[in-house]
2 protein chains.
Amino acid sequence: MDPVHEADTSGATGPIDKVADLGRDIGDYIRQQRNTAKISLRQLSKLAGVSNPYLSQIERGLRKPSAEILQQIAKGLRISAEALYVQAGILDEPIGGPVVDAIRVDSALSERQKQILLDVYESFRRENAEDRTTSDAPGQSDMEAQ
Amino acid sequence: MDPVHEADTSGATGPIDKVADLGRDIGDYIRQQRNTAKISLRQLSKLAGVSNPYLSQIERGLRKPSAEILQQIAKGLRISAEALYVQAGILDEPIGGPVVDAIRVDSALSERQKQILLDVYESFRRENAEDRTTSDAPGQSDMEAQ
DNA sequence: GCAGACTGCTTGCAAAAGCTAGCAAGCGGG
DNA sequence: CCCGCTTGCTAGCTTTTGCAAGCAGTCTGC
């Protein structure tokens with residue numbers, strides 16, 4: 001009933017692609033998570049508080065959901081909004097560890113100060129990495145595939 | 001836009017999650033950051049790749065920017081998108097163990113490096129305390145950095 | 001065969017986002 | 001004085017989001 005599912009192969013996509021390629025990634029991820037959770041599209045739509053057609057379009061990359069909607073979907077799926085934002089390409093931070101996290105959320109620091117601290121921290125880590133030759137790259141994997 | 005909003009949102013970010021407040025909050029934060037960076041509205045709009053009137057409306061809380069726009073603004077301001085999302089209420093604060101604790105436990109740093117980081121951190125905090133004089137963000141526990 | 005309930009998808013429409021063009025006010029220099 | 005350049009804000013328009021309503025296909029039981 002749905003033979004029309006040929007992905008248009010974004011490699012040769014014309015200049016008309018604006019919403020499609022960005023939304024497709026996130027939609028794929030959501031659908032995958034939904035299937036993993038074994039719930040139907042309508043169920044998730046109800047859980048997330050969005051309409052079922054809209055969720056369908058999001059999953060197929062026809063619509064680009066706002067951050068609010070994204071957050072509600074994340075809640076419905078019981079996954080972190082962060083993971084979803086990373087998938088959506090609106091958060092490119094792969095997290096750097098407890099220190100980085102702690103600095104980022106510290107409300108006692110200004111953004112400039114955070115940046116300085118993070119820079120110093122990063123330079124220390126690089127410094128040590130040189131010492132240990134090429135052993136670096138701590139936990140980079142995300143994706144909570146329960 | 002969202003008259004039917006039965007989701008409780010667990011109140012982790014704030015007691016009130018009103019869209020209007022949300023926009024005003026984030027706008028205020030952006031304007032504050034922009035003034036701190038000493039750049040004009042039009043300059044930031046160019047840096048962020050958005051139109052200047054739209055940025056003006058965002059700062060005054062008349063429009064609710066999408067996550068993409070937020071990210072571009074964050075980039076233009078050289079601040080983390082995460083902080084902006086938290087301000088916008090679309091990202092819960094990812095737990096915040098004290099910075100000091102995280103640094104102390106970090107095995108990637110030497111003791112000397114830890115000391116430097118802690119010193120810088122504490123100096124920042126003192127700086128802010130003097131600057132703002134008794135007005136600070138909520139939930140500040142006493143964390144000494146010796 | 002045919003209700004009934006499930007799956008997901010398509011269609012039109014209201015509302016909001018987001019941009020282009022243009023406005024009044026402030027400031028320095030000729 | 002007036003010119004040019006900047007500051008931020010307003011008006012009107014196009015594009016997109018997001019939803020209500022409705023459609024086709026698949027099982028299950030009668």
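Spin-label model, A:SER80 to B:SER40: label points 7 Å out along the Cα-to-beta-carbon direction sit 4.1 nm apart. Listed by chain and number, the lysines whose C-alpha is less than 21 Å from the C-alpha of A:LYS38, apart from same-chain residues fewer than 8 away, are A:LYS46, A:LYS75.
For segment A:61-83, a decrease in accessible area of 20 Å² or greater in the assembled protein chains relative to the isolated chain, with a 1.4 Å probe, applies to A:LYS64, A:ALA67, A:GLU68, A:GLN71, A:GLN72, A:LYS75, A:GLU82. Cα centroids of segment B:48-62 and segment A:56-107: 23 Å apart. Summing both sides, the accessible surface hidden between B and A at a 1.4 Å probe radius is close to 3800 Å².
A:PRO98 label point (Cα plus 7 Å toward Cβ) to equivalent points in the other copies: 1.3 nm, shortest first.
Roll a 1.4 Å probe over the protein chains and send me the accessible area per residue for segment A:18-88 in Å².
On the way: 3440 Å² over 71 residues.
Ligands and nucleic acids excluded, the result is 48 Å² per residue.
Per residue, the convex hull around the alpha carbon atoms of segment B:30-79 comes to 60 Å³. Comment: the Cα-to-Cβ extended label point of B:SER123, at 7 Å, lies 1.2 nm from its counterparts in the other copies, nearest first. Placing dummy labels 7 Å off each Cα toward the beta-carbon, the span from B:ASP25 to A:ARG126 is 3.6 nm.
Karplus-based coupling profile of segment B:37-43, in residue order and whole Hz: 7, 6, 10, 7, 4, 5, 4, with θ = phi - 60° in 6.51 cos²θ - 1.76 cosθ + 1.60 and x standing for Gly or Pro.
Note on B:ARG126: accessible area approximately 130 square angstrom, rounded to 10, probe 1.4 Å, nucleic acids and ligands left out. With its label point defined 7 Å out from Cα along the Cα-to-Cβ axis, A:GLN32 lies at 3.8 nm from the matching points of the other copies, in increasing order.
The values are calculated or read from the model by the stated rules, or taken from the named source; none is laboratory data. Note that the coordinates shown come from a computational prediction; the quantities given were computed from them, not determined experimentally. Cβ atoms come from the backbone with ideal geometry, glycine included; neighbour counts cover every protein chain shown. Only protein heavy atoms, including side chains, enter the accessible area calculation; ligands, DNA and RNA are left aside. Shrake-Rupley method; radii C 1.70, N 1.55, O 1.52, S 1.80 Å.
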